[in-house]
Amino acid sequence: MNKFDDVKPLEGFDWENFESGAAVSSKDEEALKEKYSSTIENIEKGQIVEGKVVSISKREVIVDVGLKTNGVIPFPEFRYNSDLAVGDTVEVLVKELEDRSGMPDLSHREAMQVRAWDRINNALETQETVKGYIESRTRGGMLVEIMGIQAFLPGSQIDVRPIRDFDEFVGKTMEFRVIKVNQEYRNVVVSHKALIQEELEAQRAEIISRLEKGQVLEGIVKNITSYGAFVDLGGVDGLIHITDLSWGRIKHPEEVVSLDEKINVVILDFDEDRKRIALGLKQLTPHPWDSLDPDLSVGDRIKGKVVVITDYGAFVEVVPGVEGLIHVSEMSWTQHIRNVGDILKVGEEVEAVILSLDREERKMSLGMKQLVPDPWDTIEENYPVGSKHTAKVHNFTNFGIFVEFPDGIDGLVHISDLSWTKKIKHPSEITSIGADMEVVVLDIDKENRRLSLGHKQIEEDPWAAIADKYRIGSIHTGKITEVMDRGAVISLEDNVQGFATPKHLVKEDGTQAKQGDELEFKVIDFNRDNRRIILSHSRIHEDAARGEQDSSSADQDALRASASTSAEKSTLGDLDVLADLREKLADQDEE
């Protein structure tokens, strides 16, 4: 018996479909399609649907949205959500129900973008916290992807503390608060700092509620400015003003504290409403005045360093935190100091004498001039009236010259005591600043510390000697050195000056003498008491003309007398002589 005798064809087998290559019969296929369609949702292209995450890898996320097959979405579309996990529900946009490979084409990013603006505006209105992925740095801040939309994170909104390196945030997913939306330009600005501030505000309110004046806390120096240091007290900041960092004077807080340093501070004051806390560092150590040498007293010599210079003096630190003032009037017995900086410099070590000391008020006044004897105590011995000295010119005024002696004492030479013979209008006519000048002490006012000096008194008064030389009527050669409306100044010998009015400056040819002319002058007045000589050039040629006229008249009278006498004695033979005499008289009359 053949082994295949019992084999029979399968009942109901569709040999036509088998021959055409179909897997199932057309009837069964229809039944399967109907059964499958009843198990999937009615999803259309372009629709946003929810899907379940079924797997996650570094490159892609598999999402089941209820179609025949799952969709594959690139992982970067979820990078803003670092907490994404299998089983999470996410929204996706169905771009295609089936692509060439028969899989649905899904996009989470595009779904988020469709929903994003509504969510962004809602987040702005409700102050909802949103997550975002920091993509890159840009000018002034960072670019952040939030719900598929690119937003701007300003550098000032990253953190409450200053950020030194923005690059450390690139690639991070963080929480943000939407703070501004420009609907027209579709611009979004977010802030991470706002979230930190909200948290800090809550912490700050709790910390401030527990603060007390005088309380000592530990903090970290988080910022240093020119006026002080900000200290983080664990969620709330306080300021140590520069004056509360050290008992001594400092130029900058960096001299005392450094950034990120842990320090103990004391609470000096706080304002709950304004959320300001004033801290102190120096108050944790005893005040230097309390530890000042108890044996120090008025009259003691002390050394210190100049720390501040003002218009009225200099502050000297004798020990750290203890200062004394050297007033400008206590710097020199003799100098009139106009600028303290010319005498002392900040940082200079000086020695001084304690003039006053008030430990309760914590005040000390010092003096430098007390280190040396007061030269005015022996002024009458060193500069007796009538004594001659050499001094240095150090200042001019309209009324005289101030000169200074080697020991610092100065005196005034009045302008009237500069010359016996010249009328000095300004001291610069006879000397210059820094030049040596011989002087005579005229008067001492010890109480007011004034010394009156003279320069002309170095020589004898020449007016006694020149009185005979310049007597009235004498003629001298002089040079016109200055011309004024009321006359001219004439320089004569012996450094003597005279004066001539305009009518006495007329030359013989009728012209007026001018400055620089050297002419002869006649003395028409001499006053020794007032030291005045009045001169005239015109009088010389006027007197000469008058003298010739007087001489001519006298000759005529003599001729007439001689003719009369001769006529009486002469005879007829003398008539020729008389005729000659008459001719001479006639000639003189014509002249």
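Key figures
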{"read-out": "Segment 133-162 residues that are closer than 30 Å to residue 93 by Cβ, paired with ones that are among the hydroxyl-bearing types (Ser, Thr, Tyr) and not in a strand (DSSP E or B) (beta carbon under 6 Å, 6 or more apart)", "value": "133/80; 145/80"}
{"read-out": "Residue in segment 544-554 that is among the hydrophobic types (A, V, I, L, M, F, W, C), modelled with pLDDT of 50 or more and closer than 30 Å to residue 419 by Cβ present", "value": "no"}
{"read-out": "Residue list for segment 100-142, restricted to those being under 19 Å from residue 193 (Cβ atoms), part of a loop (DSSP other than H, G, I, E, B) and not small (Gly, Ala, Ser)", "value": "127, 128, 139"}
{"read-out": "Residues (of a type outside the set (Gly, Ala, Ser), in a loop (DSSP other than H, G, I, E, B) and within 32 Å of the chain's Cα centre (by Cα)) located in segment 229-268", "value": "245, 247, 249, 250, 251, 252, 256, 257, 259, 260, 261"}
{"read-out": "Residues that are modelled with pLDDT of 85 or more and either over 15 Å from residue 500 (Cα atoms) or surrounded by 14 or more Cβ atoms within 10 Å (Cβ to Cβ) (or both), drawn from segment 521-531", "value": "521, 522, 523, 524"}
{"read-out": "Residue within segment 39-61 that is at pLDDT below 55, open to solvent by 60 Å² or more (accessible area, probe 1.4 Å) and hydroxyl-bearing (Ser, Thr, Tyr) present", "value": "yes"}
{"read-out": "Any hit, segment 330-350, residues being at pLDDT 90 or above, assigned to a strand (DSSP E or B) and surrounded by fewer than 18 Cβ atoms within 10 Å (Cβ to Cβ)", "value": "yes"}
{"read-out": "From 379, 424, 430, residue being under 30 Å from residue 302 (Cβ atoms) and not acidic (Asp, Glu)", "value": "379"}
{"read-out": "Unique match (being closer than 30 Å to residue 204 by Cβ and in contact with a Leu (Cβ under 9 Å, 6 or more places away or on another chain)) among 168, 135, 175", "value": "175"}
{"read-out": "Residue tally, condition touching a strand residue (DSSP E or B) at 6+ places or on another chain (Cβ under 7 Å) and either assigned to a strand (DSSP E or B) or loosely packed, with under 13 Cβ neighbours inside 10 Å (or both), over segment 352-397", "value": "24"}
{"read-out": "Spans of strands (runs of 3 or more DSSP E) in segment 399-448 with at least 3 residues farther than 24 Å from residue 490 by Cα and over 43 Å from the mean Cα position of the chain (by Cα)", "value": "436-445"}
{"read-out": "Criterion violated by residue 248 - all others in (1) at pLDDT below 85; (2) open to solvent by 50 Å² or more (accessible area, probe 1.4 Å) satisfied", "value": "(2)"}
{"read-out": "Residues that are surrounded by 11 or more Cβ atoms within 10 Å (Cβ to Cβ), in contact (Cβ under 8 Å) with a residue 60 or more places away in the chain and not in a helix (DSSP H, G or I), drawn from segment 288-300", "value": "292, 296"}
{"read-out": "Elements of type strands (runs of 3 or more DSSP E) in segment 451-547, at least 1 residues being of a type in the set (Asp, Glu)", "value": "475-484, 518-527"}
{"read-out": "One residue from 175, 198 being of a type in the set (Asp, Glu), under 29 Å from residue 124 (Cβ atoms) and modelled with pLDDT under 90", "value": "198"}
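The values are calculated or read from the model by the stated rules, or taken from the named source; none is laboratory data. Since this is a predicted model, take the numbers as computed values, not measurements. No Cβ is skipped: glycine too gets one built from the backbone with ideal geometry, and neighbour counts run over all protein chains shown. Note: accessible area is taken over every heavy atom of the protein model, side chains too, but ligands, DNA and RNA are not part of it. Shrake-Rupley method; radii C 1.70, N 1.55, O 1.52, S 1.80 Å.
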